[in-house]
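The numbers here are math on the coordinates, done by the rules we state, and not lab data. This structure is a prediction, so every number in the text was calculated from the model and none was measured. Heads up, the Cβs are rebuilt from the backbone with ideal geometry, glycines too, and the neighbour counts pull from every protein chain shown.
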Amino acid sequence: MRLSTHLRANAQDILAAWDAFAATLVQDGSMLDPVTLRDHAGEILAAIADELDRPPVAVMPPTAPDATTDEGPSEELESAAETHADTRMVSGFAIDAMITEYRAFRTNVVRLWLDAGGGRDQPRDMEDLVRFHAAMDQAIAESVSRYTDQTRKSTELFIGILGHDIRNPLGTISMSAQYLVRSGKLAASAAETIINSVVRINSVIEHVVDFTRVQSEGMMPIKPVPGDLALQFAKVLAETRVRYPRSLLRLESTGDFTGFWDEGRMGQLLSNLLANALTHGSPDEPVTVRLWENAEGVAFSVHNRGTPIPLQEQQLIFRPLVRGMAPGQGERRESSGLGLGLFICQEIVRAHGGSLDVISTAADGTRFTVHLPRSVPKPRA
């Protein structure tokens, strides 16, 4: 029996096996109803049968100018697989559960076909089986592509909501506090606490947005333009001194620091490193930012004294959602952080084609060092 004929003649048994397996995949703590379980499995099965009935594509020599071995999926298979991904996503299926469905479906089809006598005409049936697996792989690819595309759109929506609907009220809070100080209705010291809290919440939002964007796009988006890194860093230190008036910050630089950078991202990079140093470093020791030139481009470091980062933690602190657990930090450690700051730093440096490392000892303190090329980084695949 040809495999395509088997798929059509035994569609109900095949789909029943599909339903039975899908029902074992409990999503969000609830079972799915039979209609939701079946969704577009029948259309996928029919589209695969149609694929098997299409004339095989001739294999051309690889050197031929019009060489091709695949005409691509039919519109029916592509549409059914995409719709299946949409309905599974809405139903709460994780992407790995959806792929597991396809795997079970593939196994059941082959098993039922062999039980019905398939595989006896070896050359013909082997070709059918190869084409069936190719159609299944294509259906999986279409479903996964659709699922990830919908996930990316959801991520972009989340970023938009987080960036707009939360930042706007925070801006209103900050401006209102400043207005109350100017009108004499609120003490400056009280307003400082409010504004600092707004800054911290904004920082958390920025970290979450950047983390989500990196996870979605695979790389921190940057827009390099010609600029002077030393001038940008001087602005960041001036802003940091306002937020940390009791801390001592130093900037040391000699040489030429012009190049192509995303100035906003570079400011964010230094600001994160400074916040890390001021949070975890000794409050009585200065934090020093030093810039210098090298053969590859430019480099800078952020140094602080205080309890060193344990060696085993130095391998982990750049990972997302990981925070150091070194003892002895006292009230200087901010337990409300998400553990994204250093991950964001690493991604900004990586997007610029540079490197970031850390050395931390009791004798010499903690030093984060960044090396950057002056040129525009090459796009990564």
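Fewest neighbouring Cβ atoms within 10 Å first, the residues 50, 210 line up as 50, 210.
Kirkwood analysis of the Cα pair distances in the stretch 180-270 returns a hydrodynamic radius of 15.8 Å. In the stretch 225-373, the convex hull through the Cα atoms has an average projected area of 8.5 nm², a quarter of its surface area.
Report the normalised scattering of the stretch 122-248 as log10 I(q)/I(0) at q = 0.13 Å⁻¹, calculated by the Debye formula with identical scatterers on the alpha carbons. For the stretch 122-248, the Cα-only Debye profile gives -0.81.
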